[in-house]
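Engineer: Here it is: the structure, laid out below.
The values are calculated or read from the model by the stated rules, or taken from the named source; none is laboratory data. Since the structure is predicted, the reported quantities are computational estimates derived from the model, not experimental observations. In this analysis, Cβ positions are derived from the backbone assuming ideal geometry, glycine residues included, and neighbour counts consider all displayed protein chains. Heads up: the accessible areas ignore ligands, DNA and RNA and are worked out on the full protein's heavy atoms, side chains in. Shrake-Rupley method; radii C 1.70, N 1.55, O 1.52, S 1.80 Å.
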Amino acid sequence: MEISSSHTLVLFITATLSLLVLSIATPSLPAEGIDISLTHVDSAFNLTQIELVRRALTRGDVRLSSLVAARATGGRSFNLITDGNEYYMKVKDLVVDTGSDLFWTSCFKRSATSISFDPQSSSTYTSVLCMSDLCGPYRPPPFMPQCDPKAVCHYELEYADASGTSGVISTDTITLGSRNPVSFPNTLFGCSLNDTGNTVLVDGIVGLGRGDQSIISQLGIKQFSYCLTPFGSSRLVLGRKPGPDDGIPEGETVTVSLVRSEWSSAYNVDLVGITVGTDRLAIPEHAFEISMFSNQGVILDSGTTFTYLVKGVYDLLKSSFEAQTTYAAVDGSGKHFDVCFKSGDVNAKFPGLVFHFGVGSDLSLPQENYMIWLEELRMHCLGIMPVEGMCLLGSYFQHDFKVVHDLVNDKVSFTPAKCVRG
């Protein structure tokens, strides 16, 4: 299976199961790593700038509802709906998601000519039995009726907008890579037999989270990186450090710590403070902590569009921002934002924004990563919004940074870069 991507990632399937899935036995990755092209979800449409922003906001609202629902139920990983993602890998339309684990793809005909993957066409396809160790995370809990030992392993995922997918946990050989494809036998994935709601709009989701059955864990990947361009093609690199071809560095690298959580397989970072202009915000001590039900901490998530902060922190940021901005503030709710400013000029200047992480790591954001210019309305809107119970640093936050996840040392680094097209 070949992967291409953008701010919502996409894959390509070959004759056997060309689906992006993880290998059960840790395979050996090539020394040069695996390069995957990414394609933005809106790149194929001739949309105006404000239409692109509005569509991104709609996806962000839907994805956020899924995250909030997962937090409310104490979910260990985030199962995100397809409309909430930004970059695709090209398998057909498989969404790549750093906030979830299981990879699944459609295994039934949605029309007379459309099928993502036909198990009968693959000589290496195998359905997992219910009593197999591989089915462990999907077996009914002890208080539920137990599965027939001879039956196949079923999974069912339901999302906050009532979308869903259900099917059979399976294995097959998967091929990854846009340049030099590499095959991985016995890869675990969900073969979807029923999609409902928004899940019918894509052919599946590829989880890049930290859970045991994600692509990252199954392939034994210790490092991956991406460099995202706004609304264009980008590149995902698995298994090696990025090079000049993956994005031209344009500044100093800032390295921050990843925080492990027993309640989540997401990529949490150790944010400790925020400065707006000249004002270091007086953020409460436990605002960014991780707990089982009340707070999911600060999550780095390329599948979320904009940046979301817990309401108490957001209120401090908004107040400081308005106090240091010379342009008139207006209600942004009609434009899906919280606050906008009558700037009148794309080059208008706003207060700087610095995110402070543990051990003195300070990341200064380019203005374009948090101020969204609406050309048709001649105004800027703050691309940061309030939410309860978590903070999300989305794809706009990460634009034009070479972002490297070092899973051996639990670090993630940000290097300002001119990202190249996939």
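Engineer: Taking region 400-420 as the search range and keeping residues that are more than 21 Å from His356 (Cβ to Cβ) and assigned to a strand (DSSP E or B), which one is most open to solvent (accessible area, probe 1.4 Å)?
Structural biologist: Lys418
Engineer: Quick test for you: out of Asp172, Asp212, Asp148, Asp133, pick the one residue that is among the acidic types (Asp, Glu), over 14 Å from Phe103 (Cα atoms) and at pLDDT 80 or above.
Structural biologist: Every option except Asp133 fails the conditions.
Engineer: Give the residue, chosen from Phe341, Phe306, Phe288, that is in contact with a helix residue (DSSP H, G or I) (Cβ under 6 Å, 6 or more places away or on another chain) and either open to solvent by less than 30 Å² (accessible area, probe 1.4 Å) or not charged (D, E, K, R) (or both).
Structural biologist: Phe306
Engineer: With respect to Gly352, is the statement that it is in contact with a Ser or Thr (Cβ under 9 Å, 6 or more places away or on another chain) and either among the charged types (D, E, K, R) or touching a residue at least 12 places away in the same chain (Cβ under 8 Å) (or both) true?
Structural biologist: yes
Engineer: Within region 334-341, identify whether any single residue is touching a residue at least 12 places away in the same chain (Cβ under 8 Å) and part of a helix (DSSP H, G or I), and answer yes or no.
Structural biologist: yes
Engineer: Taking region 301-323 on its own, how many of its residues are in contact with a strand residue (DSSP E or B) (Cβ under 9 Å, 6 or more places away or on another chain) and assigned to a loop (DSSP other than H, G, I, E, B)?
Structural biologist: Result for region 301-323: 5.
Engineer: Condition (residue is of a type in the set (S, T, N, Q), part of a helix (DSSP H, G or I) and crowded, with 17+ Cβ neighbours inside 10 Å) applied to region 354-366: is it met by at least one residue?
Structural biologist: no
Engineer: Sticking with this structure for a sec: Identify the residue in region 270-299 that is among the polar types (S, T, N, Q) and at pLDDT 90 or above and, among all such residues, is farthest from Gly99 (Cα to Cα).
Structural biologist: Among those residues, the one meeting the criterion is Thr278.
Engineer: Here are Ser261, Ser225, Ser234, Ser257: which of them is on the phi < 0 side of the Ramachandran plot, at pLDDT 75 or above and open to solvent by less than 10 Å² (accessible area, probe 1.4 Å)?
Structural biologist: After applying the criteria, what remains is Ser225.
Engineer: Tell me the residue from Ser265, Ser343 that is farther than 30 Å from Glu376 by Cα, touching a Lys or Arg at 6+ places or on another chain (Cβ under 9 Å) and of a type in the set (S, T, N, Q), please.
Structural biologist: The conditions single out Ser265.
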